[in-house]
Amino acid sequence: MKKENSMYICKECGYKSVKWLGKCPNCGEWGSLEIEEEKDINVGNKKITKQIFSEEEINKKIISFNEIEMEDNFRYKTRVKEFDRILGGGLVQGEVILLTGNPGIGKSTLLLQMANEYTRYGEVFYISGEESLAQIKNRGERLGIKNNKLFLISETNIDKIYEYVAIKKPKVVIVDSIQTLFSENSESTAGAPTQIREATLKIVDVAKKNNICFFIVGHITKDGKVAGPKMLEHMVDAVFNFEGEEGLFYRILRSEKNRFGSTNEIAIFSMEEDGLKEIQNSSEYFISERNEKNIGSIIVPVLEGTKVFLLEIQTLITEGNPIGIPKRVVQGFDRNRIQILMAIGEKRMGINLGNKDVFVNIPGGLSIKDPSADLGVLISLLSVYKNVEISQKIAAIGELGLRGEIRKVFFIDKRLRELEKLGFKGVYVPESNRKEIEKKQYNLKLIYLKNLDEFLERI
Ligand code: TYD
Ligand code: MG
């Protein structure tokens, strides 16, 4: 029965409503609103008549900055440097990480490999509700694992898992997957939002009370959401997504949230016969198959998180249908940004695309969000438009303004160092970065540009 102060809360996204609704207006989920008691809803209007805490208790809670003692920031490391880097330099004790990804992408493989790594610090539990112990062992053997500190447990009852962990106190626990867990306290079936919420709360509780690290696997639904409440993402310390294109053998691990490190960091792995292998020199990987001279292709150093990746921009222009709508097919780049760049190209470089079809592609499956790739897009377009070759040892860095001005970019030193390392000969850079660049020495020919007119004068 609904009491005066109770609210309805969406189990999927946390949206609150005073009356019951069949469909959540926030996330669009059906039948997700349930009653939630809000006991203290009127606290703001009530007079507090009695002091609840003593002066002493209050003083204990308010601590000066200087007096705060730092927690031991020791982190568990693996031999997989890229994995540790994504975590922010290793796994923090008591940390709870959600690993999401499409089925079959390699989540279980990655975590079994990492479980094996973490046994150097003590016992590790791999709890699965997805596969039989024999299946997991089979995979482990394929990965070359032989380890008596790694324990496999087949269990889906979260209350039992809580006890196993609280009593045995392993260092790290893998839960594969959150959607298979259930609690006897809740009547809904495993995988239902209430069950997922309950299981996650219990995991976070046992992790924080005992300083035990957890990796939780979460499957993603077809529309890209973690199946289960969005709240799950708020309850954990970090969320990583494992992604990759169908048919390709590399995988991208991306940090989407990280309380103990930076977000949007990516690491590249390849899925091989005997498991996942990190690719440390990812730039070499993305730009390997190229000719000395190309039309319509140029390299741009872009920042993903705090790391520089060298990516290739490819463009193509074809005669479109003279009376149809021209095609603008864009992969790995923001489509609106391409429209703006095409407009700048038309106005400032005379690239008249009219009814022609335009294709822009970033091979390798990564998407460019860094605006410093603007100049590269226009150079690549101009090269196709005029049918002139671009040397493959030249890269481009620069964000564009509507007047055709080339704007300053951040982290120029990192970008130039990466180009240098991979044997580039020259690079177009913004004039406004000159001061910073001239402070250092680079084994690169630097071509400073204020605007696109200067670029056109040079070619
Ligand atoms: P898996 O880790 O089971 O994916 P998820 O847990 O995300 O559903 O990986 C499944 C795929 O990985 C499967 O198609 C087989 C492939 N694979 C390899 O290519 N090499 C290997 O060493 C392993 C263990 C799996
Ligand atoms: Mg799996």
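The values are calculated or read from the model by the stated rules, or taken from the named source; none is laboratory data. Note that this is a predicted model, so its numbers are computed, not measured. Please note: Cβ atoms are built from the backbone with ideal geometry, for glycine as well, and neighbour counts cover all protein chains shown. Accessible surface is based on the protein model in full, side chains and every heavy atom, while ligands, DNA and RNA are left aside. Shrake-Rupley method; radii C 1.70, N 1.55, O 1.52, S 1.80 Å.
Brief remarks follow.
- Normalised by 2.2 N^0.38 Å, where N is the number of residues, the C-alpha radius of gyration of segment 142-236 stands at 1.11.
- The C-alpha radius of gyration of segment 285-458, expressed as a fraction of 2.2 N^0.38 Å, stands at 0.99.
- About the Cα centre, charge dipole magnitude for the chain (Lys/Arg +1, Asp/Glu -1 at Cβ), debye: 840
- Distance distribution note for segment 70-280: the fraction of Cα pairs above 29 angstrom is 17%.
- Å² per residue, accessible surface of the chain at 1.4 Å: 53
- Among residues other than LYS435 with Cβ under 13 Å from its Cβ, the summed charge is 0 (Lys and Arg +1, Asp and Glu -1).
- GluC sites (Glu not before Pro) within segment 237-266, DSSP loop, no more than 15 other Cβ atoms inside 10 Å: GLU245, GLU246
- Legend note: in the chain, cysteines whose Cβ sits 4.7 Å or more from every other cysteine Cβ are CYS213.
- Student exercise, segment 285-458 dipole from Lys, Arg, Asp, Glu Cβ charges, in Debye to nearest 20: 320
- Fraction of antiparallel bridges per DSSP, segment 70-280 only, in percent to nearest 5: 40
- In terms of its C-alpha gyration tensor, segment 328-409 has a rounded overall shape, because the principal axis ratio a/c (a ≥ b ≥ c, square roots of the eigenvalues) stays below 1.5.
- Expressed as a whole percent, the accessible area of the chain that falls on carbon and sulfur atoms is 50 (1.4 Å probe).
- 5 angstrom amide H check on GLU304, placed H, neighbours 5+ away: PHE309
- Over the chain: helical MRE at 222 nm, DSSP H runs n ≥ 4 each giving -39500 (n - 2.57), nearest 500: -8000 deg cm²/dmol
- Computed accessible area, LYS209, all protein chains, 1.4 angstrom probe, square angstrom: 140
- Coarse-grained scattering of the chain at q = 0.09, 0.11 Å⁻¹, given as base-10 log I(q)/I(0) from a Debye sum over alpha-carbon atoms: -0.78, -1.02
- Three semi-axes of the equivalent ellipsoid, segment 309-357, Cα gyration tensor, whole Å, largest first: 20, 14, 10
- All other residues whose Cβ lies under 14 angstrom from that of ILE412 are scored, Lys and Arg at +1 and Asp and Glu at -1, for a net of +1.
- Only one residue of ASN433, LEU366, PHE74 has its Cα farthest out toward the positive end of the dipole of the chain, where Lys and Arg carry +1 and Asp and Glu -1 on Cβ, and that residue is ASN433.
- The chain, relative contact order in percent, only Cα pairs under 8 angstrom and at least six apart counted: 11
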